[in-house]
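Supplied in structure tokens, the structure appears directly below.
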Amino acid sequence: MQVYFIHIFNGSRFLKSATLSPIKAVDLIRNEQVQAIIGPPTSAEAAFVSNLGNSSHVPILSSSATSPDLSPSQTPFFVRTAANDSFQAAPVAAILAAFRWHAAAVVYEDSPYGSGILPALADALQGVGARVMERAALPRDADDAAIDAVLYRFMAMPTRVFLVHMNLFTAARLFQRARNAGMMTEDYAWIASDGVGSVVDALGADDVSAMEGVVSLRPYVAMTSQVRNFSARFRARLRRVSPSADVYDHDPTVSMLWSYDTAWAVAAAVEAAGVSSPAFQTPRRGITAATDLDRIGVSATGAALLEAVRETRFHGLAGDFRLLDGQLQPPAYEVVNVVGRGARRVGFWTPEAGITQTLGADAARGLKRSIIWPGDETSPPKGWVVSPNGQKLRVYVPVKRGFKEFVGVQRDSPNGTANITGYCIEVFDAVISKFMPYPVSYQYVPYDDSSESYDELVSQVAQQKADVVVGDVTITASRMAEVDFSMPFTDSGWSMVVVVRAETSTSMWIFLRPLTTSLWLASLAFFCFTGFVVWAIEHRINPEFRGTPWQQFGLIFYFSFSTLVFSHKEKLESNLSRFVVIIWVFVVLILTSSYTASLTSMLTVQKLQPTVTDVRELQRSGASIGYQEGSFIKGSLLKMGFDESRLTTYKTAEDCADALSRGPGNGGVAAVFDEIPYLKLFLSQYCDGYAMVGPVYKTDGFGFVFPLGSPLTPDVSRAVLTLAERDEMAQIEKKWFGEPGACPGQQAAVGSSNLSFRSFGGLFLITGVVSGLMLVIYLATFVYRERGEVGNVVAEEEEEGGSAGSSSVRRLRAWLRHFDRKDLKCPTFKTWNEESVRDGSQTTRRWVDDTVRNGRGGANGAAPAAGEEEAVGMSPAFSISAGSEMINAGSSPASELGTSFEQRMQETSHSADVPHSHSVEMARSTAP
């Protein structure tokens, strides 16, 4: 098998590559019929050779062409036995995130190798909250003037973090010129890709000295005994091959190890694929080839060899050789620091753990603290400078005509200087002087053209005329498209202020106002429900809950509503109904107390009601409304549908109060729209007669303005949060706005004091559950206890056939009739029956004795008259039957009484209808 190696190792101190020209590549494939090519050294050369190999089916393997632009998916016969440069973007971004650097400038080689990493690098930096501020490309043969031009342009930028991605020779020249320009000193941070870190040990002492403090990357290779043995053999053979060359006194680079593993992979693939000799399919005869490319044949064994290379697995010098998607996947990166004569390891990066000090699951996060930065600094630089040219920051402030408590500008006439004060100014001074981790020098510059619109003031930062804007500038989405804002330091949102007027309650229906309609209806429903539950439980056992249907219906309402004034006098017999009434009385107590308190407040406390409560009401009426000049609220009002001709501007709090007091009928306004901080300040100065009403429309409050990507923004935001968490912020607000809540009486007076159903929802829930539960318990007990008796009644009716309808309907009617009867087993009716029966039996017994006695006398004496005989013949029978029944009833136990006294008298009357002779015989048989 023929394999061509492009990489050669000579006796020089650096690893060099032989240039593979297009003509030479064509000659190798067409004439030599090579079956694989290893080692196009650059990405540009690999791009051409890979296309050539793709057309001829000859595998092309490279361990140094790392540009992401070379895609094995687009050229299947190209195999990258090295790490893709895009893999370095994540560890570079992790280094920036570890030191909280939010911006960087990128200088890269002007070649496919240099520019290929840029898309992946931009995405990785964005993922950690950083961004590329500037980028510059340098060709390989750039002279010193071109390099100096790039460096001086970077010096004029506020960022001091620079990312370098280029080959070693161009990078060495770049750092030499940076040292001459004074950019390898303190406050600078240089991060280099593995194009520097992997081969920095091969540089001379002067080049390494120029890189002092650079942090770089290189793929991690474990220094095993196999690697040490190879390194010794490599140096020994290099001396034999080129005795006159300089001594190669360092270990092989990672690229060398990758090249060695690539040769082993091809050899293993040849054996696995069974390739023995070249076999090319030449173009068909008769076809005229215009170029040498057209005369190249197609390898018959290339596809099998490529597949074998992709499937090859072994542990090589550089680690596990395993190709994924046609390229090598590195397990980890080393983070090295260029110090002294070479690179020193300061940490690792892995996809799973990120930046760690050592490898392993328990490794400490972050890099080692022993990093030496440019200028021999041991503490990491902050990564940017406030002012690159050393001048103070230009802090623009608005010039306001009113509300100078926020920002006030007073110019002294003698020297023209301005005295700038206010709440926003004091907050910014406290943030910068007390809570920033580094000193910041600045000066205030009044901006006179800010009264009409703050958008013009904000644009001064975007146009780089101002470095910062401090004032009552609201954070909006449209402004954030041009500039960055710090965290807000005031309340957010905007609303409206209207006039309030005193209200006196003279309505004859004021007694209905303490409760809302929903609460009135709910109370009525629960009154009826509670009365029904008590009636249902009591009416079978309590005489006071019986009567005609209308009487019982009226009793349900009377009993429940009598609890309203606790005047219910009905005696309850069941513990279930007693428990229901206990809970209900508690609810009534709270409800009546709350009603009384609310009604008293309405009758005695003067109410302040706003003249306008809804924005839609303003839109329908077409009344004039006001807003503060220079505010963004005008645009928001126009979007809401307000007519621009109805919008009126005001400048000061006095103008606002005057416009509101005059009203829309006298040239004033019906409402004023403004941001919450302004409205709070206005209400603190004008307590009486005004109130903030309506919805609060969300905004992000006031913030400090910075250029897009300014490194000051995150630090100032953290300082603002620190200040807000301390008492100093409250003291500043108190100084400029007075005590918070200056009009508590007004705020308490404005609004409605009606009691809603939600206020008593818990009480109604409790009484509803208790009443329903007691009713269910009673009905379940009733059904279980009376099921036998009702069943007998239904059976008798079915046997007689006297009832129409289905069986279910008959059972329902039987249950309802039985439910409406008295429960004679209860103690109340049982005691009354026994007393009635006892009294009636004694009377009847005396009457029966007299009758029997008279009957005997009549037999011995004269015969009675016909009328008398009939009376005597019927009365004794009735008396004896009734008397016998009463005697038996009186002698039986009280628990066996099944009917009332009246029912027994009716049964006795029925027995009087029997014949006279039978009655006489019964009387004789019962006579003693």
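Just how many % of Cα pairs in the range 170-259 lie over 19 Å apart, if you round to the nearest whole percent? Spell out each step's value before the answer.
Numbers: 2035 of 4005 pairs.
Cα-Cα pairs in the range 170-259 separated by more than 19 Å: 51 percent.
What whole-number value in cubic angstrom gives the convex hull volume per residue for the C-alpha atoms of the range 312-463? Working shown, then result.
Details: hull volume 38.0 nm³, N = 152.
Enclosed volume per residue, from the Cα hull, is 250 Å³.
Mind ranking 508-521, 470-483 by how tightly packed they are, going by the mean number of other C-beta atoms within 10 angstrom, highest first? Spell out each step's value before the answer.
Values: 508-521: 13.9, 470-483: 18.9.
Ranked from most to least packed, the peptides come out as 470-483, 508-521.
If you take the charge dipole of the range 489-613 about its Cα centre, with +1 on Lys and Arg Cβ and -1 on Asp and Glu Cβ, which of ALA536, VAL500, PHE586 is farthest toward its positive end?
ALA536
Under 23 Å Cα-Cα from LYS400, which lysines qualify once same-chain neighbours fewer than 8 residues away are excluded?
Counting by Cα, and skipping residues close in sequence, LYS400 has these lysines nearby: LYS465, LYS634, LYS651, LYS680, LYS734, LYS735.
Just to confirm a number: summing +1 for Lys and Arg and -1 for Asp and Glu over residues other than GLY195 whose beta-carbon lies under 10 angstrom from that of GLY195, what do you get? Kindly include the intermediate steps, with their values, before the conclusion.
On the way: positive: ARG218; negative: ASP85, GLU109, ASP194.
Local charge sum for GLY195: -2.
How many Å² of accessible area per residue for the range 386-477, probe 1.4 Å? The partial results should precede the final answer.
Values: 4240 Å² over 92 residues.
I get 46 Å² per residue for the range 386-477.
Please list, in chain and number order, the residues 5+ apart from ARG135 or on another chain whose amide H is under 5 Å from its amide H, with Hs placed from the backbone.
VAL106
Please work out the FRET efficiency for the pair ARG153 and LYS434, using the Cβ-Cβ distance as r and a Förster radius of 25 Å; give the result to the nearest 0.05. Mind showing how you got there, number by number?
Values: r = 35 Å, r/R0 = 1.41.
Once rounded, the FRET efficiency stands at 0.10.
How would you rank 812-823, 391-402, highest first, on the average number of other Cβ atoms within 10 Å across their residues? Could you put the intermediate results ahead of the total?
Values: 812-823: 14.6, 391-402: 18.8.
Descending mean neighbour count gives 391-402, 812-823.
Hey, another quick one. Skipping prolines and chain starts, which residues have an amide H placed within reach, meaning under 5 Å, of the one on GLN628, given they are 5 or more residues away or on another chain?
Amide H neighbours of GLN628: TYR650.
For labels at LYS735 and HIS818 in the simple 7 Å Cα→Cβ model, what's the distance in nm?
8.8 nm
In terms of modelled amide H atoms, which long-range or inter-chain residues lie less than 5 Å from the amide H of TYR447?
Correct list: VAL397, VAL399.
Using the Karplus curve 6.51 cos²θ - 1.76 cosθ + 1.60 with θ = phi - 60°, what ³J(HN,Hα) values do you get for each residue of the range 365-378, in whole Hz, with x for Gly and Pro?
6, x, 9, 5, 7, 8, 5, 9, 8, x, x, 6, 7, 9
Fully extended, how many nm does the chain gain between ARG501 and SER379 (0.36 nm per residue separation, minus their Cα-Cα distance)?
Details: separation 122, 0.36 × 122 = 43.92 nm, distance 6.55 nm.
Gain on extension, ARG501 to SER379, equals 37.4 nm.
Grab the Cα-Cα distance for SER441 and THR417, subtract it from 0.36 nm times how many residues apart they are, and report the gain in nm with one decimal. Show your work: numbers first, answer last.
On the way: separation 24, 0.36 × 24 = 8.64 nm, distance 1.82 nm.
Contour length minus the Cα-Cα distance gives 6.8 nm.
I need the phi-derived Karplus couplings for the range 767-782: 6.51 cos²θ - 1.76 cosθ + 1.60, θ = phi - 60°, integer Hz, Gly and Pro marked x.
The phi angles translate into 5, x, 5, 5, 4, x, 5, 5, 5, 5, 4, 5, 5, 5, 5, 4 Hz.
Another question, then. What's the magnitude of the charge dipole for the range 422-508 around its Cα centre, counting Lys and Arg as +1 and Asp and Glu as -1 at the beta-carbon? Answer in Debye, nearest 20. Please list the in-between numbers first.
Working: 4 positive and 13 negative charges, 54 e Å.
My answer is approximately 260 debye.
Ignoring ligands, DNA and RNA, please state the percent of accessible area on the range 378-469 from carbon and sulfur, probe 1.4 Å.
Values: 1930 of 4470 Å².
Using a 1.4 Å probe with all protein chains present, the range 378-469 comes out at 43 percent carbon and sulfur.
Now for a different question. Per 0.36 nm of contour for each residue apart, how much would the distance between SER209 and GLN391 grow if the chain were fully extended, relative to their Cα-Cα spacing?
Working: separation 182, 0.36 × 182 = 65.52 nm, distance 3.18 nm.
Difference between extended and current length: 62.3 nm.
What does the net charge come to around GLY383 if you take all other residues with beta carbon closer than 9 Å to its beta carbon, with K and R at +1 and D and E at -1?
Values: positive: ARG100, ARG160, LYS382; negative: ASP187.
Around GLY383, the surrounding residues sum to +2.
Determine ³J(HN,Hα), in whole Hz, for all residues of the range 484-499 in sequence, where each value follows from phi through the Karplus function 6.51 cos²θ - 1.76 cosθ + 1.60 and θ = phi - 60°; x replaces Gly and Pro.
9, 10, 6, 4, x, 10, 9, 5, 9, x, 9, 8, 9, 10, 10, 7
Which whole-number value in Å² is the accessible area per residue of the range 17-110, probe 1.4 Å? If you can, show how the numbers build up before the last one.
Numbers: 2820 Å² over 94 residues.
I get 30 Å² per residue for this part.
Measuring from label point to label point, each 7 Å out along Cα→Cβ, what is the ARG662 to THR224 span in nm?
9.1 nm
The values are calculated or read from the model by the stated rules, or taken from the named source; none is laboratory data. Bear in mind that the values here come from a model prediction, so they are computed numbers and not experimental data. Please note: Cβ atoms are built from the backbone with ideal geometry, for glycine as well, and neighbour counts cover all protein chains shown. Keep in mind that these areas ignore ligands, DNA and RNA; they rest on the heavy atoms of the full protein, side chains included. Shrake-Rupley method; radii C 1.70, N 1.55, O 1.52, S 1.80 Å.
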